[in-house]
Amino acid sequence: MKTNPFKSPGQWYRGNTHSHSTESDGRLPVDERFAAYREHGYDFLVLTDHRTVNDVSSFSTDGFLAISGSEVHPPNPYGGDTYHFVAIDVHERINCADLHPNDVIQEIKGQGGEAVLCHPYWSGHTLLDYLPLHDYFAVEVYNDTCMGIGKGFSEQAWDGLLDKAGRVYGISADDSHGTEHDCFHAWVNVKAVALTTEAIMSAFRDGAFYSTLGPEIHDLDLVDVEDSQREKAKKIVVKCEEAQAITFKSQRSRGKHLTATDGELLTEAEYVVPESAKYVRVEITAPDGKKAWSNPFFFDNRG
Ligand SMILES: [Zn+2]
Ligand SMILES: [Zn+2]
């Protein structure tokens, strides 16, 4: 990430970046969708109805931020299924029918927003579909409604992008359509200086957030290795709530997976960054199987 949220100023804000209302195929009207997230203790919600954009400004209250967005579906010229992009902080409807997916991403950015690649596993999308694309800022590492067919987790797609495409953040989101089964399960904790769209978007662009299904990461740091043979060697140190496993992931065969033994759960782990690592990110797995994902630290290596 550009900014390590555990070392940056501000407060943590909990939010969901992907949700639907009766304006498209969701089951709740817009006001009830926002109210449900507010009542569940969320600080912000992005409304992302398919192919449409709503003015949501009247749903922000003291301590709760409504952000407008859309889920857009440009055709796929590379053989795979139609793309699903979540556009965060856009204000005008985007007509994708005749646009190249990269033009759609530029339109999103032109409106001041940012694009997320949605649910790669559910879409059957691979690097064949993604390598021609540019300027999206994140990919959904987890999408809760896609667990309806058991395809919520897209960790491998994220690692493929990080290895072959470049710097991209990971987001876990509900993609809420219903009222229970795909709600309040997957969110991001964002470190921002204020609960405003501007500050949240700035934190998103800097990667100052992490994704979770429940487990909390308490600290994440990149520090010098004092007694290393290598010049400028660094290690990543993570602290978290009690975990069954802590995993450090990098491109291809690099990484480290630690599991709790003898009932002693893990609350801390460290990993010396390999000289050839392009990135290292951290996953936490709680005893109940729920996961959290840090954003990657990026390194200028060719791997
Ligand atoms: Zn979708
Ligand atoms: Zn959706």
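The values are calculated or read from the model by the stated rules, or taken from the named source; none is laboratory data. Remember, it's a predicted structure, so these values are computed and weren't measured experimentally. FYI the Cβ positions are ideal-geometry reconstructions off the backbone, even for glycines, and counts take in every protein chain you see.
Some notes on this structure:
- A Cβ distance below 6 Å, combined with a sequence gap of six or more or placement on separate chains, defines the contacts here; from region 4-22, residues that are among the basic types (Lys, Arg) reach residues that are not in a strand (DSSP E or B) in the pairs Arg14/Tyr42; Arg14/Asp43.
- From the list Tyr78, Tyr136, Tyr121, the one residue that fits, being more than 13 Å from ligand 2 (Cβ to nearest atom), in contact with an Asp or Glu (Cβ under 6 Å, 6 or more places away or on another chain) and among the hydroxyl-bearing types (Ser, Thr, Tyr), is Tyr78.
- Region 241-261, residues that are more than 19 Å from Ala157 (Cα to Cα) and outside any strand (DSSP E or B): Gln244, Ala260
- In region 48-59, the residues that are under 15 Å from Asn95 (Cα atoms) reach residues that are of a type in the set (Asp, Glu) and within 16 Å of ligand 1 (Cβ to nearest atom) with C-beta atoms within less than 7 angstrom, at least six apart or across chains, in these pairs: Thr48/Glu71; Asp49/Glu23; Asp49/Glu71; His50/Asp25; His50/Glu71; Thr52/Glu23; Asn54/Glu23.
- Annotation note: of Val46, Val86, Val72, the sole residue that is among the hydrophobic types (A, V, I, L, M, F, W, C), in contact with a His (Cβ under 6 Å, 6 or more places away or on another chain) and closer than 21 Å to Gly178 by Cα is Val86.
- Among the numbered conditions (1) in a loop (DSSP other than H, G, I, E, B); (2) touching a strand residue (DSSP E or B) at 6+ places or on another chain (Cβ under 9 Å); (3) away from ligand 1 (no atom under 16 Å from the Cβ), the only one that Thr22 does not meet is (2).
- Within the set His134, His91, His125, the sole residue that is within 23 Å of Lys151 (Cβ to Cβ) and either in a loop (DSSP other than H, G, I, E, B) or within 16 Å of ligand 1 (Cβ to nearest atom) (or both) turns out to be His125.
- Any chance Tyr78 is within 16 Å of ligand 1 (Cβ to nearest atom) and assigned to a loop (DSSP other than H, G, I, E, B): no
- Among residues of region 127-157, those that are within 25 Å of Asp103 (Cα to Cα) and without any contact (Cβ under 8 Å) to a residue 60 or more places away in the chain, counted: 13
- Screening region 41-63 for residues that are away from ligand 2 (no atom under 12 Å from the Cβ) and within 20 Å of the chain's Cα centre (by Cα) and picking the one that is surrounded by the most Cβ atoms within 10 Å (Cβ to Cβ) gives Leu45.
- Contact map, region 103-126: residues that are hydrophobic (A, V, I, L, M, F, W, C) paired with residues that are away from ligand 2 (no atom under 16 Å from the Cβ) and modelled with pLDDT of 95 or more, Cβ distance under 6 Å, separation 6+ or inter-chain. Pairs shown: Ile105/Asp135; Ala115/Ile105.
- Qualifying residues in region 97-113 (those that are more than 16 Å from ligand 2 (Cβ to nearest atom) and outside any loop (DSSP other than H, G, I, E, B)) - the one surrounded by the fewest Cβ atoms within 10 Å (Cβ to Cβ): Gly110
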